[in-house]
Amino acid sequence: MLLDCELAAIPLAVLTLFTVYFFRDPDRTPVNEEKVVLTPADGKVISIEELSKGDNRLKDRAIKISIFMSLFSAHINRIPIRGRITQLSYHPGKFFSANRDKASLYNEHNMVTLETNDRKKIVLVQIAGIIARRIVCWVKKGDYVETGQRFGLIRFGSRLEVYMPPDCRLAVTKGERVKAGQTVIGYLG
């Protein structure tokens, strides 16, 4: 009987340790330069696209960087550059695997629009995945935010997309691993 209890405790201990690991919130010291855009999420860059006017959710030209957060990535999302939150919009949706392109179009997501001090627009899209069923966003419209500040999280595997102005100079490549609040993904023009 005692042995059965000990054997049952092993999976529960593993699950507890994984949950603690998943919700870790490592300290990060961001590069704090006016034109530097940092990645808002830990993970792997799975696509970089130059978008034409009208063919994306912004309806304007942009560079879109998609970052896939696996179950092993830290899931705290961070502000990529100092500015003010000008718009927030939540959209219910499906829960396809976040590493697939259709997740970007159909999955539940939350859009955070940030305007920099020199009036450049950066849009962050938190996208839920097949396992992630909860998007958390801690900022509000009108908030002034700092580079590297925590602004939310997506629970259990997800995707974060960054839309930057088309004149932004990229500093990452597809397949690269990035760390929220530390890795430079671009420089504003």
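The values are calculated or read from the model by the stated rules, or taken from the named source; none is laboratory data. The structure presented is a predicted model; accordingly, all values stated were derived computationally and were not measured. Using ideal geometry, Cβ is built from the backbone for each residue, glycine included, and neighbour counts are taken over all protein chains shown.
Kindly indicate which of Arg150, Arg177 is crowded, with 16+ Cβ neighbours inside 10 Å and out of contact with any helix residue (DSSP H, G or I) (no Cβ under 9 Å at 6 or more places or on another chain).
Values: Arg177 fails: crowded, with 16+ Cβ neighbours inside 10 Å.
So the residue among Arg150, Arg177 that is crowded, with 16+ Cβ neighbours inside 10 Å and out of contact with any helix residue (DSSP H, G or I) (no Cβ under 9 Å at 6 or more places or on another chain) is Arg150.
Condition check ((1) at pLDDT below 85; (2) under 20 Å from Gln149 (Cβ atoms); (3) part of a loop (DSSP other than H, G, I, E, B)) across all residues:
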site: Ser47; (1), (2), (3): no, no, no
site: Asn56; (1), (2), (3): yes, no, yes
site: Ile63; (1), (2), (3): no, no, no
site: Ile85; (1), (2), (3): no, yes, no
site: Leu88; (1), (2), (3): no, yes, no
site: Leu114; (1), (2), (3): no, yes, no
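Among (1) of a type outside the set (Gly, Ala, Ser); (2) in a loop (DSSP other than H, G, I, E, B); (3) farther than 19 Å from Ile46 by Cβ, which single condition is Lys174 missing?
That leaves (3) as the condition not met.
Kindly list the number of the only condition in (1) in contact (Cβ under 8 Å) with a residue 24 or more places away in the chain; (2) surrounded by fewer than 16 Cβ atoms within 10 Å (Cβ to Cβ); (3) part of a strand (DSSP E or B) that fails for Val136.
It is condition (1) that Val136 fails.
Considering only segment 52-84, state which residues are out of contact with any Ser or Thr (no Cβ under 7 Å at 6 or more places or on another chain) and closer than 18 Å to Asp118 by Cβ.
Asp60, Ala62, Ile63, Arg84
Starting from residues that are in contact (Cβ under 8 Å) with a residue 40 or more places away in the chain and either of a type outside the set (D, E, K, R) or crowded, with 19+ Cβ neighbours inside 10 Å (or both), keep the ones in segment 83-96 and report whichever is nearest to Pro30 (Cα to Cα).
The extreme case among them is Gly83.
Quick one: would you say Ser70 is touching a helix residue (DSSP H, G or I) at 6+ places or on another chain (Cβ under 8 Å) and of a type in the set (Gly, Ala, Ser)? Give the derivation first.
On the way: touching a helix residue (DSSP H, G or I) at 6+ places or on another chain (Cβ under 8 Å): no; of a type in the set (Gly, Ala, Ser): yes.
Spelling it out, it is not the case that Ser70 is touching a helix residue (DSSP H, G or I) at 6+ places or on another chain (Cβ under 8 Å) and of a type in the set (Gly, Ala, Ser).
Look through Ser70, Ser104, Ser158 and report the one residue that is of a type outside the set (D, E, K, R), surrounded by 17 or more Cβ atoms within 10 Å (Cβ to Cβ), under 15 Å from the mean Cα position of the chain (by Cα) and closer than 15 Å to Lys44 by Cα.
On the way: Ser70 fails: surrounded by 17 or more Cβ atoms within 10 Å (Cβ to Cβ); Ser104 fails: closer than 15 Å to Lys44 by Cα.
Only one candidate passes the filter, namely Ser158.
Before we move on, is Lys179 under 13 Å from the mean Cα position of the chain (by Cα) and either aromatic (Phe, Trp, Tyr) or over 15 Å from Ile63 (Cβ atoms) (or both)?
The answer is yes for Lys179.
Which of (1) among the hydrophobic types (A, V, I, L, M, F, W, C); (2) over 11 Å from the mean Cα position of the chain (by Cα); (3) under 15 Å from Leu38 (Cβ atoms) is the odd one out, the single condition Ile131 does not satisfy?
If we test Ile131 against (1) among the hydrophobic types (A, V, I, L, M, F, W, C); (2) over 11 Å from the mean Cα position of the chain (by Cα); (3) under 15 Å from Leu38 (Cβ atoms), just (3) comes out false.
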